[in-house]
1. Of the peptides 152-162, 119-129, how do they stack up when ordered by the mean number of other Cβ atoms within 10 Å, highest first?
2. Points 7 angstrom from Cα along the Cβ direction at LEU61 and THR187: gap in nanometres?
3. About its Cα centre, how strong a charge dipole does region 137-229 have in debye, to the nearest 20, once Lys and Arg get +1 and Asp and Glu get -1 at the Cβ?
4. Students often check this: by mean Cβ neighbours within 10 Å, which of 185-195, 207-217 ranks highest, and how do the rest follow?
5. Let me check against my output: what whole-number percent is the relative contact order of region 137-229, with C-alpha pairs under 8 Å and at least 6 apart?
Amino acid sequence: MARPVLSALILSLALCLLTGCASFLEREYTVSEPHSSKFWESEAADTLRAENYQDIVNDLLLLIAQHGETATLRLYDFADDIAVSDALEAAAVEVQQETPLGAYAVDYITFSSQAQRSFYEVSLEISYRRSAEQVQSIRNATSASAVYTLLESALRDGEKELAVRIAYWGENSEAIVKDAVAQLRSTRNIPDEKVWVTNFYPHPFSGTVAMAEFLLDPSQAEIDSYLASLPPAEPEEPGEPDDAVEGGSEETGETGEPSSQPSGTSGEEPEAPVLPAETGPAEEAAPAESGETPGEAVPETAPSETPGGEAPVPEAEA
């Protein structure tokens, strides 16, 4: 009698295994990791927290990286409404104007706060000028030297734009980026008519981290905006007047142009005029050594009235 009962129990167990009762042996588990208390409230997953100014800046950057449009922020250890308002306004300006991500993606930030028993509850709203796909597709590089490789890969994949966050931005990083663009255009034989737009964020630079944006197929509005942002070209130095060199130089006197030298000299220096010798009164003249009588003046040569044009010879004195 015991043998048939044991056989029935074995048969029942086998049937249970074949019909899915083995699921009782499976172990399913889930892992729940609470948000860091540094940025998120432990009891409210969609609420951030901040205890000082830098925490507010970090919270905003965290939201922007996730392309969050609205959020709730709890502020602790702030003295009053004025301190809260000043901290929020300064943090929003810093994020939007002085950080690469904020300058690249954010259009504006609005907020309103309400005092609670032990904290201030702030409602944030962020408007973007870049889509969530654009923010998520930002590439990261340690230095500007990686731009050439990333840009070449974007061209190969047929991408129309590329945004690169550069972790170290030195004094010559902008020149390195521009050289990489020029070298790649030359290698790919891209004509000048095909305009690329390169933007830097933030600009002017305010830190060691920056972002470079490359628009490989920009719209006309983007091209016009880019050209308007360029510094004006320096005016060219005025050249020499055309009439100063046309037909020769005035200094040589070889042309028919007015010359600075007297006419008729053909460019040669004028001869000094011969001045007549100064003679004093006959009474003051020194006696001549040739035996001439003192006081006699040498007669001037006058035009001859005799035929042949010979001058009359004065008679010798006795």
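None of the figures in this text is laboratory data; all of them are computed from the coordinates on show. Quick caveat, the model's predicted, so the values are computed rather than measured. All Cβ positions, even for glycine, are placed from backbone atoms using ideal geometry, and neighbour counts span all protein chains on display.
1. Details: 152-162: 12.9, 119-129: 16.8.
Most protected by this proxy first, the peptides run 119-129, 152-162.
2. The two pseudo-label positions are separated by 3.2 nm.
3. Numbers: 8 positive and 13 negative charges, 50 e Å.
Dipole about the Cα centre, nearest 20: 240 debye.
4. Details: 185-195: 9.9, 207-217: 18.5.
Ranked by mean Cβ neighbours within 10 Å, highest first: 207-217, 185-195.
5. Numbers: 122 pairs, mean separation 30.1, N = 93.
Relative contact order here is 32 percent.
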